[in-house]
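> After the structure tokens below, expect a handful of questions from me.
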Amino acid sequence: MERQAWTWCCIVGLTINVSAQGAAQRLNPAPNVQIVRVRIGESCGWCTGNYDDNVTTIEPGSIVRLNRSSSDRKAYPDIETKYRITKRDWVDLQHFIDAGVLGAFTDQRGCPGCADEPTVSVEVQFSNGTRKSVGYNVGETAPPITALLQKIAAIQAKAKLQKP
């Protein structure tokens, strides 16, 4: 009986250790893995008309915003706006997304959009094909995600001022 208890303790201990290592690897990708794309989605399920679904994609050299209507696509065709960003802005964004920011990517917080609330989603894509994403109701983002959204808004504002 004592041996069986010891075996179970070892199994549980190893499971916890492996899980913790896996979580650390998910939060801190391997040193040779780079961020290749950041995507922000904003959606309003109960909104009608106009543009209620927006996706902003940031990649090396560009930031692209796509505005869509989920209700009347003929009256409101897709609008895509593309701006160039500097290499420095891209590198700064990559460095900004550290373990603290990635730790806030918990797949989903609460039930985004369940009560027809406006939602925001953020996704970081890595060079090894993996992704980290999170979704929130607007105004309920975790502080590190709010800081990331502000950083991206600043890059977008700066890009709009630059000549194409």
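No value in this document is a laboratory result; all are computed from the given coordinates. No experiment lies behind these values; they were computed from the predicted model shown. Backbone-built Cβ (ideal geometry, glycine too); neighbour counts: all protein chains shown.
> By counting other Cβ atoms within 10 Å of each Cβ, how are TYR83, TYR76, TYR136 ranked from fewest to most? Walk me through the numbers on the way to the answer.
Details: TYR83 19, TYR76 16, TYR136 23.
The fewest-first ordering by Cβ neighbours comes to TYR76, TYR83, TYR136.
> Hey, another quick one. Each label point is 7 Å from the Cα along the Cα-to-Cβ direction; what then is the distance between the points at THR130 and ALA157, in nm?
Taking the simple label geometry, THR130 and ALA157 are separated by 3.4 nm.
> Roughly what would the spin-label model give for GLU140 and GLN34, points 7 Å off Cα along C-beta, in nm?
3.7 nm
> Please arrange THR119, THR81, THR146 by counting, for each residue, the other beta carbons lying within 10 Å of its beta carbon, fewest first. Let's see the in-between values first.
Details: THR119 19, THR81 12, THR146 15.
Ascending Cβ contact count within 10 Å gives the list THR81, THR146, THR119.
> Show which lysines lie in cross-link reach of LYS82 when reach means a straight Cα distance below 20 angstrom and same-chain residues fewer than eight apart are skipped.
LYS151, LYS158, LYS160, LYS163
> Tell me, LEU149, LEU93 in order of fewest to most beta-carbon neighbours within 10 Å? Mind showing how you got there, number by number?
Working: LEU149 16, LEU93 21.
Placing the least packed residue first, the sequence is LEU149, LEU93.
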